[in-house]
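Read the structure below first, then the notes.
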Amino acid sequence: MTTPSGPDPALLSRIKAAREAITAQLAEVVVGQDDAVGQILTAMFAGGHCIIQGPPGTAKTLLIGALARASGLDCKRIQFTPDLMPADISGTEVLEEDKATGRRVTKFVKGPVFTNIVMADEINRTPPKTQAALLEVMQERQVTIGGRTHALPKPFFVLATQINLEQEGTYPLPEAQMDRFMFSVNTGYVTIQDEAAIVRRTTAAGLPEGKPVIQGTDLLEFAQAVRQIALPPDLGAWIVDIVASSRPTVEGAPDFVKDWIAWGAGLRASQNIALAAKSKAAQDARATVIAADIAAVTVPVLRHRIGLSFRAEVDKVTVEDVVKRIIAAVPAPGAAAAAKGGR
C-alpha cells in the first residue's frame, strides 16, 4: 500500500522488521559475512539479482540456501559445468502421445529456472552459449521456447556464485550479462574468532534449519514500496556524476580514472545505485534517500561494471580502490555546500 506522498509508513516498518528478522536468523547459520548478507537483502528487497564472489569455503552456497528458507521461497540449485546445455536451464519441448486422440503433441518441460530463487553455482564454469540462456531469464523474467513465452514465478531472483581465484577451465561472463546483476557481493575470509565459531557450529550434532519469517508476496510488496521512496534531485544528480566520472572518455574525468580504467559503467549502474539506495532507506523505515544510502551501495553496484586497465594491474589497484576514490572526488551535495561555506 502506498500513499500519494510515498509509501505507507506501516509498510516501511514491516520492511525494517523483515530485514531485522531475516538478519537475525541468518546470523545463526552464517558467521562473519554481515556485509554480504546486508547487500543481498538490499538487492532482493528492490527486486534485483546478485553475483556472489569469493574464495572457496566462504559460505556462498550456504548463505543463499539459508536466505531462501528465511524468505519462504522455493530455491533450485544449478551446478554450472562445461557440458551444461541451455535446455538444461530453461527447459525443452518433448513429443508426447495424446492418449485421447492418439496424436503426437509437443509438451514443454520446465527447467530449473522455474522457481523463486535460482542458485547458479559457479556460473563461470559453463560456456557462453549456456550463460546466455540466463539473459532473457534475468531481464524479462520469462523463457521463450518454440515461439512460446512462459512466465516465471514471482518473485524471481538469480543469485549466482563465482570463485574468482580460479581461471583454469572457466568462462568469464560477458559485460552485458554482468550488467544484469544489481550487486556484485564479495564474501572474503572471516576473522580467526569467527572461523573458530564456524568450526564449533559445523562440527556439532545439529545445525539450525531456519524457518520462513516472510513470504514471497511480502517481497513483491516491498519491491513496489521501494520504488515509491523519494530521491531528492540533487542526490539523483550526484549518482549520475559518480557514474559518469568512472568513464575515462568523459570530459573532466579525473586523471586517475584515465590511468586506471579501461571502460566505465553505463546507464544501468546509475539506475541500480538509485534503486539500491531507495532499498536502504526503506530498510531503515525512511521515505527519502540520504547521501549515506548512496555511498553504501555504490561499491557493490560498480564493482563488476568497471574494467581496469593494464596500468591498474601494474599499480596493484583494485576496483574497490578506484570506486572509493571516485566517490571522494565527487563530493555529495551537502558536503560541497559545506566546503564552499568554509572558505
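The values are calculated or read from the model by the stated rules, or taken from the named source; none is laboratory data. On a predicted model such as this, the values are computed, not experimentally measured, just so you know. All Cβ positions, even for glycine, are placed from backbone atoms using ideal geometry, and neighbour counts span all protein chains on display.
Observations on the model:
- Within region 294-327, being charged (D, E, K, R) and part of a loop (DSSP other than H, G, I, E, B) holds for R303, R305, D315, K316.
- Residues considered: G38, G47. Of these, the only one that is among the small types (G, A, S), closer than 30 Å to R201 by Cα, within 17 Å of the chain's Cα centre (by Cα) and modelled with pLDDT of 90 or more is G38.
- For region 1-18, filtered to residues that are modelled with pLDDT of 90 or more and under 13 Å from Q224 (Cβ atoms), the residue that is surrounded by the fewest Cβ atoms within 10 Å (Cβ to Cβ) is R14.
- Subset of region 228-276 that is under 22 Å from R325 (Cβ atoms) and of a type in the set (S, T, N, Q) - its residue that is surrounded by the fewest Cβ atoms within 10 Å (Cβ to Cβ): T249
- Of the residues D98, D83, D74, the single one that is within 20 Å of L173 (Cα to Cα), more than 17 Å from the chain's Cα centre (by Cα) and of a type in the set (D, E) is D83.
- Selection within region 46-71 - assigned to a helix (DSSP H, G or I) and either acidic (D, E) or over 17 Å from K211 (Cβ atoms) (or both): K60, T61
- Among helices (runs of 4 or more DSSP H) entirely within region 118-190, having at least 2 residues that are out of contact with any helix residue (DSSP H, G or I) (no Cβ under 9 Å at 6 or more places or on another chain), farther than 20 Å from G65 by Cα and touching a residue at least 60 places away in the same chain (Cβ under 8 Å) singles out 175-178.
- Check on A225, within 28 Å of P9 (Cβ to Cβ) and surrounded by 15 or more Cβ atoms within 10 Å (Cβ to Cβ): yes
- Only one of the listed residues (A287, A292, A332, A282) is surrounded by fewer than 24 Cβ atoms within 10 Å (Cβ to Cβ) and either modelled with pLDDT of 95 or more or more than 24 Å from the chain's Cα centre (by Cα) (or both). That residue is A332.
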